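Trainee: Questions regarding the structure given below will be posed in turn.
The values are calculated or read from the model by the stated rules, or taken from the named source; none is laboratory data. These numbers were taken from a predicted model, which means no experiment stands behind them. When we count neighbours, we look across all protein chains shown, and the Cβ atoms used for this are built from the backbone with ideal geometry, even at glycine. Heads up: the accessible areas ignore ligands, DNA and RNA and are worked out on the full protein's heavy atoms, side chains in. Shrake-Rupley method; radii C 1.70, N 1.55, O 1.52, S 1.80 Å.
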Amino acid sequence: MPFPFNNPILGASVKASQAPAAPAAAGDSSLASGLITAATLFGFGYTLYSFYVTTQAPSEINEKMIPLLDGTKENPKELESASRDEEHKAEEEKRKLEKGADVKTINSRLAKYSTYITNGAMTFLYQEYVAIIAFALIFSALAGTGLGYLTTTERAVLTVTAYLLGTSTSLLAGWIGMRIAVYANSRVAIKCYGGGISDGFTLALSAGAVMGFSIMTLALFSLSALIVAYSKYFGDVMSASGQETTKKMFECLAGFGLGASTVAMFGRVGGGIFTKAADVGADIAGKIGEGWDEDDPRNPAVIADNVGDNVGDIAGMGSDLFGSFAGSICAALVCCAQSPDLSKDVNSMMLPLVLAAMGLISCVVSNTSMLCCKVVMDADVEILLKRQITIASVLATLLIPCCYFLLPETFAVRGKEGVAWWHLVICCLLGLYSGLFIGYIAEYYTSASYTPVQRLAVECKTSAATNIIQGLALGYKSCIAPIVLVGVTVYINFTLARFLGISIGAIGILMTLASSLTIDAFGPITDNAGGLAEMSLMPKKVRDRTDTLDAAGNTTAAIGKGFAISSAMLVALGSFGAFAQVKHLIDTPQIGAFQFMGLIFGAVVPYWFFALTMESVGIAAGQMVEEVRRQVNEKKKSGLDGVVDASQEDCEQCIQIATNSSLYEMIAPGALIVISPLFVGYLFGAEMLSSFLLGAVVCSATMAVSASNTGGAWDNTKKFVKSGGLERMLGPEYDPREHGKNSQTHHNAIVGDTVGDPLKDTSGPALNIVMKLMAMVALVFAKSIPDTGFVQQMISA
């Protein structure tokens, strides 16, 4: 959206008089406006193109696809890795004999089960959105009343308006992501049936791009539109004479980030409880209790499990990163507005949006280049997914120096004079590559291609207990490198540009958000495709292809989780910095009785939150197991056990249990992270609140990394053992009956994976919300929080 910055209402933008001007001409705001507009159009255009590609995929199998299944048109290199010796060749001959059901049966079952998944996902989304809207309206009324009483009515109304827009935009983005995911999963299975793994890869990537690019584009568009509307309302902003008004405007705009974080709370916490309740329930009742395969259609919890993949990894991850993206930009805008030099100039003030716009353009180019590539061998899938985010990072690196044309040569920020334009370039680059490296560190600790997971697989020979002990140690050890990297990044960025540098670093991480979300959505889409292929009785070779895609998606999902955690850390610190500047807490000593108490109180909140979410998964999973056992026992009494697939009514009952549990059980953890910063701030004052936030951020970061990596490692250990990966590790000692699928070793790995499921998909990722939402609540309510709280005043008196 073009910015009407040359409109007489706003006045001409003026360069800081005390600093030499950069090459951009004074009063010329067309550069920032043009870049943001172009990126928004590129984003919308690429989203529509990806949607068009996805909708062109066939919805059922036809007779022309059958010859492609026997390998006559299959690239022989696709299964090269599986045909290296006589044993694998014999296995391949066996697979060729497994042709699956006839086309009519496959189409009928595929339509039935994909409809079950779609209806289940939409049922959950509808009920979750009703809860979110109700919460948003009640919170808006209470927050607006409180802000209006403690500050001004104008500030309250504008903040609540921004909050509701942020909530609405995040809801829309989540709905788009969920709809495209459940639409594409069956079509990916069909592509793998009739077109091979390369066609399945292209379609899954296109469907993922719809979610990834719609989220980034909608956020950019909505924030731009809100800035335009508020600029017209306030009139004299981003000019030499309107610096105080500029501060006020962007402090109100921070409500947008709070709205996005609110939806993220429901998506991450509620969605995480749903997906792991269904997953753990299906595993305990089906895999362990009845000895069924993972996607056995006799298990009524399987459909809920497939719904949960979309709920947790599509809606949950999408809302989480949408909240990070919106929060990072809002925090950076508040920090820019606090600068006496940057707040005078439109181009300088729009720097956070311009950086995000350049990142979006980089992602469009990167994603387009990947669609031109073909999958020749199985290993190519993972290589191409990683290459996409790497190319996007390199392209963003080349565009970041455009800051030169937007900033003065030197300028002042709150707490430091003489900041140069290239200081912010360094801050942005450090954020960009720290996020990338943290993602690859997470991959090292969770991928079966590397030593840590392989060692866990060997431990499974002994017992489930040793697997769990070593897995916990792996998670704790995996915290070291990411936290050190973030610490170094924060130190350098703060040294160069104080809290503005930290906020710009957070935007740097999120410049490749669209590409990261694309490969994140790739995983659950292909996972659902594999489940549908099995339930629809497609040939085993189709499931092998979807498993290859899913395995690569799981590996890149670890990168995505590392990306999400690192961005949450910097976004939280950036929001904290904006709060500190609004409350004039820069360089305030953190030594004192109340500050120490705040630090300790803040450190315990993540543990309290973690315990509440783990308990919630346990309660919901228990209800799921009881329901599945009830249905199985009824079928056994009727003599139908092992014969009849789960009915739609059976599946819907499991989905409803997971939905009700997730929405009810998230009330306590959600209330904890929304109320606790307000409680501390109003009772103990701004200084204790600042210590409270720092304690919560540090503990949340370490716990999130540890939990996510531990759970991810156990998940891939199970898959490594199931696929026969221990054969390479053990050599002549390997015995498929003792170390392969359905062996005791495999059972021990399943136990670890079941324990790790809520760690990696519920409690661990939900700690991202603890960091961001608490800091964003503090920022939005900063003007109403007293310097000296009620309790402090009583003690002093």
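Trainee: If you line up the long axis of helix 464-478 against the longest principal axis of the chain, both from Cα atoms, how many degrees apart are they, to the nearest 10?
Mentor: Approximately 30 degrees, to the nearest ten.
Trainee: Moving to a separate point now. May I ask for the angle, rounded to the nearest 10°, between helix 103-150 and the longest principal axis of the chain, with both axes built from Cα atoms and the value confined to 0 to 90°?
Mentor: Relative to the chain, helix 103-150 is tipped by roughly 20 degrees.
Trainee: Let me ask something additional. With a 1.4 Å probe and all protein chains kept in place, how much accessible area does Cys372 have, in Å² rounded to the nearest 10?
Mentor: 110 Å²
Trainee: How large is the charge dipole for the chain, taken about the Cα centre, if only the Cβ atoms of Lys, Arg (+1) and Asp, Glu (-1) carry charge, to the nearest 20 debye?
Mentor: On the way: 54 positive and 68 negative charges, 247 e Å.
For the chain, the charge dipole is close to 1180 debye.
Trainee: Further, regarding this structure: Give the cross-link partners of Lys583 among the aspartates and glutamates, using a straight C-alpha distance below 19 Å as the criterion and excluding same-chain residues fewer than 8 apart.
Mentor: Glu244, Glu251, Glu687, Asp787
Trainee: Here's a follow-up. Pop out the carbon and sulfur fraction of the accessible area of the stretch 303-369 as a percent, whole number, probe 1.4 Å.
Mentor: Details: 370 of 530 Å².
With neighbouring chains kept in place, the figure for the stretch 303-369 is 71 percent.
Trainee: Separate question: Quick one: Cα convex hull volume of the chain, Å³ per residue? Please list the in-between numbers first.
Mentor: On the way: hull volume 114.6 nm³, N = 797.
For the chain, the hull spanned by Cα atoms encloses 144 Å³ per residue.
Trainee: Under Stokes-Einstein, with the Kirkwood radius over Cα pairs standing in for Rh, what whole-number D in µm²/s applies to the stretch 211-359 at 25 °C and 0.890 mPa s? Working shown, then result.
Mentor: Numbers: Rh = 17.7 Å.
Estimated diffusion coefficient is 139 µm²/s.
Trainee: Rank Ala141, Ile383, Met703 by how far each Cα sits towards the positive end of the charge dipole of the chain (+1 on Lys, Arg Cβ; -1 on Asp, Glu Cβ) and give me just the farthest.
Mentor: Working it through, the farthest residue towards the positive pole turns out to be Ala141.
Trainee: Determine the share of the stretch 425-571's accessible area contributed by carbon and sulfur atoms, expressed in whole percent, with a 1.4 angstrom probe. Don't jump to the answer; show the numbers that get you there.
Mentor: On the way: 2710 of 3900 Å².
Carbon plus sulfur share of accessible area: 69 percent.
Trainee: Hey, another quick one. Give me the Å³ per residue figure for the convex hull around the C-alpha atoms of the stretch 370-492. Mind dumping the intermediate values first?
Mentor: Numbers: hull volume 15.9 nm³, N = 123.
Roughly 130 Å³ of hull volume per residue.
Trainee: Note the angle between two axes, namely the Cα long axis of helix 480-510 and the longest principal axis of the Cα atoms of the chain, as a number of degrees from 0 to 90, rounded to the nearest 10.
Mentor: So the helix axis and the longest Cα principal axis differ by about 40 degrees.
Trainee: Run the accessible area of the stretch 576-729 with a 1.4 Å probe and give the carbon-and-sulfur part as a rounded percent.
Mentor: Details: 3990 of 6270 Å².
It is 64 percent, rounded to a whole number.
Trainee: In terms of the Cα gyration tensor, with a ≥ b ≥ c the square roots of its eigenvalues, is the stretch 504-609 rounded because a/c is under 1.5, prolate because a/b exceeds b/c, or oblate? Walk me through the numbers on the way to the answer.
Mentor: Details: a/c = 5.27, a/b = 2.69, b/c = 1.96.
The shape class here is prolate.
Trainee: Semi-axes, largest first, in whole Å: what does sqrt of 5 times each Cα gyration tensor eigenvalue give for the stretch 307-395?
Mentor: Working: eigenvalues 231, 73, 13 Å².
Semi-axes, largest first: 34, 19, 8 Å.
Trainee: Does the stretch 439-526 classify as rounded, prolate or oblate by the C-alpha gyration tensor (a ≥ b ≥ c root eigenvalues; a/c under 1.5 gives rounded; else a/b over b/c gives prolate, otherwise oblate)?
Mentor: On the way: a/c = 4.01, a/b = 1.70, b/c = 2.36.
It is oblate, given that a/c is not under 1.5 and a/b is not larger than b/c.
Trainee: Moving to a separate point now. In Å², and per residue, what accessible area does the chain have when probed at 1.4 Å with the other protein chains present?
Mentor: Values: 27390 Å² over 797 residues.
Here the residues of the chain average 34 Å² of exposed surface.
Trainee: Starting from the Cα coordinates of the stretch 589-706, work out the convex hull volume and express it per residue in Å³.
Mentor: On the way: hull volume 13.1 nm³, N = 118.
That works out to 111 Å³ per residue.
Trainee: For the pairs Lys64/Lys741; Lys276/Lys772; Lys386/Lys541; Lys461/Lys635, flag any whose C-alpha to C-alpha distance is greater than 28 Å. Don't skip to the answer; put the middle values down first.
Mentor: Numbers: Lys64/Lys741 35 Å; Lys276/Lys772 23 Å; Lys386/Lys541 25 Å; Lys461/Lys635 35 Å.
In this structure, Lys64/Lys741; Lys461/Lys635 lie more than 28 Å apart at Cα.
Trainee: Then there is this: Find the centroid of the Cα atoms in the stretch 379-415 and in the stretch 555-630, then give the distance between the two in whole Å.
Mentor: 28 Å
Trainee: Rounded if a/c is under 1.5, else prolate if a/b is larger than b/c, else oblate: which is the stretch 134-174, with a ≥ b ≥ c the root eigenvalues of its Cα gyration tensor?
Mentor: On the way: a/c = 4.69, a/b = 2.01, b/c = 2.33.
Oblate, because a/c is 1.5 or more while a/b does not exceed b/c.
Trainee: If you don't mind, another one. Please get the size of the charge dipole for the stretch 312-430, origin at its Cα centre, with Cβ charges of +1 on Lys and Arg and -1 on Asp and Glu, quoted in debye to the nearest 20. The partial results should precede the final answer.
Mentor: Numbers: 6 positive and 9 negative charges, 29 e Å.
Around 140 debye, computed over the stretch 312-430.
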